[in-house]
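J.: Okay, handing you the structure first.
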Amino acid sequence: MRVLVTGGAGYIGSHTVLLLLEEGHEVFVVDNFSNSSPESLRRVAALSGRAATLYQADLLDAESLNRVLGETKPDAVIHFAGLKAVGESVAKPLMYYRNNVTGTLNLLDAMELAGCRNLVFSSSATVYGECTELPLVETTQRSATNPYGRTKLHIEEMLEELAAADERWSIAALRYFNPVGAHESGRIGEDPQGIPNNLMPFVAQVAVGRRDKVNVFGGDYPTVDGTGVRDYIHVVDLAAGHLAALDYLAQRTGSFVWNLGTGEGSSVLEVIQAFARAADKDVPYQIVDRRPGDVAENYADPVKARLELGWKAERGLEQMVQDMWRWQEQNPYGFPDEQPESLPDEELNEQIRLAASKAATATDPTTNKN
Ligand code: UD1
């Protein structure tokens, strides 16, 4: 299948691109590198022995987007590109609506023009708002507590309305719980800019010595040990969920939604302890005030995805923290800094193809002279 991936150089995007290449799909990536690096795609090429074709473009640039879709003629689009920091969305709501909602509108227009009506969208468990009825099932009433969450909710509604109005569309919204971990090679992983907002990358940076200690937001929740409980899901399992959704959409039209979670909750202290074991290091922490907007506990009901997609998360917390630590230890400062916009697409694509062909040569027994 010809699959176009927006935000394909990012954390979840790069793991999904790798899986698509490994499964033999032809992959096109659209990314503006606002929160990612082309190095991830070189490494994906080196891991898979195949190259995705990169287009540096912003979803707000409708003309470029139309050109890319017209040129690549994808059978399906997986749409990751978007802003995702809750605090920043409260400070800059218009930036979030513009990027996430207008960006998605531009993408849908470009897809219409190119005759591609097959879409997998990155949604989030954030659309369950402050719901406390657990586990969270797909039929739970949606709500939002901040502009970031509201962009996801608006987009989900927009997609449902589109599929209802035009029966040629096949659309999946995947509601991610808390994506963590990294590819088991340690070559690709999450590379947050600045101070990480999310727990796991913060813990990883403490373990590697970049930060002193973890602030645990709240020790008095009505949970197993007083700290917040979340459904952490390995990013490679999450990536596999996108391929399962693509297969599902290839058979039918309409709009569909699935939770992608494990169904198991872990507390902040359980995460810190598991990480300390994996890294064989002390991970100092202190309990501080609750973070405004946090709920005590949430975890998915993952049954719908299992029954309909035949997908379930295979990896548990131990593997999540082990893989996360391997990535963090090998890349303490993430991907090397570079200014991708200073290089033209052709040059970046040449580098990606080179990384792929080196890997393909190294693993091909007919050409391997070592
Ligand atoms: C957060 C977002 C959510 C978004 C998701 C993306 C908020 C309120 N929610 O989810 O909308 O979809 O990220 O991955 O920001 N914690 C600490 N110390 C830290 C960081 C976090 O104790 O330094 C705790 C939190 O209180 C929470 C748990 O760790 O109990 C997980 O937090 P986090 O990784 O930020 O994810 P969510 O808040 O679940």
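The values are calculated or read from the model by the stated rules, or taken from the named source; none is laboratory data. Source: prediction; values computed, not measured. Backbone-built Cβ (ideal geometry, glycine too); neighbour counts: all protein chains shown.
J.: Which one of V257, V224, V203 is among the β-branched types (V, I, T) and surrounded by 23 or more Cβ atoms within 10 Å (Cβ to Cβ)?
T.: Every option except V203 fails the conditions.
J.: Can you tell me how many residues in region 294-322 are assigned to a loop (DSSP other than H, G, I, E, B) and surrounded by 14 or more Cβ atoms within 10 Å (Cβ to Cβ)?
T.: So the count comes out to 12.
J.: Go through region 110-145 and give me each residue that's under 21 Å from F256 (Cβ atoms) and of a type in the set (D, E, K, R).
T.: Of everything in region 110-145, those that are under 21 Å from F256 (Cβ atoms) and of a type in the set (D, E, K, R) turn out to be E112, R117, E138, R142.
J.: I'd like the full set of residues that are within 13 Å of the ligand (Cβ to nearest atom), touching an Asp or Glu at 6+ places or on another chain (Cβ under 9 Å) and under 23 Å from V44 (Cα atoms), limited to region 218-249.
T.: Listed by number, the list holds a single entry, V235.
J.: Looking at I233, is it in contact with a Pro (Cβ under 7 Å, 6 or more places away or on another chain) and part of a strand (DSSP E or B)?
T.: yes
J.: Determine whether S124 is within 16 Å of the ligand (Cβ to nearest atom) and either touching a Phe, Trp or Tyr at 6+ places or on another chain (Cβ under 6 Å) or of a type in the set (V, I, T) (or both).
T.: yes
J.: Scan region 22-42 for residues that are in contact with a strand residue (DSSP E or B) (Cβ under 6 Å, 6 or more places away or on another chain) and surrounded by fewer than 24 Cβ atoms within 10 Å (Cβ to Cβ) and jot them down.
T.: Residues satisfying the conditions are H25, E26, F28.
J.: Let me ask something else. In region 143-160, is there at least one residue being in contact (Cβ under 8 Å) with a residue 60 or more places away in the chain, closer than 29 Å to E39 by Cβ, buried (at least 16 other Cβ atoms within 10 Å of the Cβ) and away from the ligand (no atom under 13 Å from the Cβ)?
T.: No, there is no match, as no residue in region 143-160 is in contact (Cβ under 8 Å) with a residue 60 or more places away in the chain, closer than 29 Å to E39 by Cβ, buried (at least 16 other Cβ atoms within 10 Å of the Cβ) and away from the ligand (no atom under 13 Å from the Cβ).
J.: Just need a number here: residues in region 179-201 that are more than 9 Å from the ligand (Cβ to nearest atom) and either acidic (D, E) or outside any loop (DSSP other than H, G, I, E, B) (or both).
T.: 3
J.: Here's something else I'd like to know. Kindly establish whether S14 is crowded, with 19+ Cβ neighbours inside 10 Å and either at pLDDT 95 or above or not hydroxyl-bearing (S, T, Y) (or both).
T.: Here the answer is yes, as S14 does meet what is asked.
J.: Looking only at region 202-217, how many residues end up being without any contact (Cβ under 8 Å) to a residue 40 or more places away in the chain and within 9 Å of the ligand (Cβ to nearest atom)?
T.: 1
J.: Quick one: L94 ticks every box in (1) surrounded by 20 or more Cβ atoms within 10 Å (Cβ to Cβ); (2) hydrophobic (A, V, I, L, M, F, W, C); (3) more than 20 Å from the chain's Cα centre (by Cα) except a single one, so which number is it?
T.: (1)
J.: Could you tell me which of the residues A172, A245 is at pLDDT 95 or above and part of a helix (DSSP H, G or I)?
T.: A245
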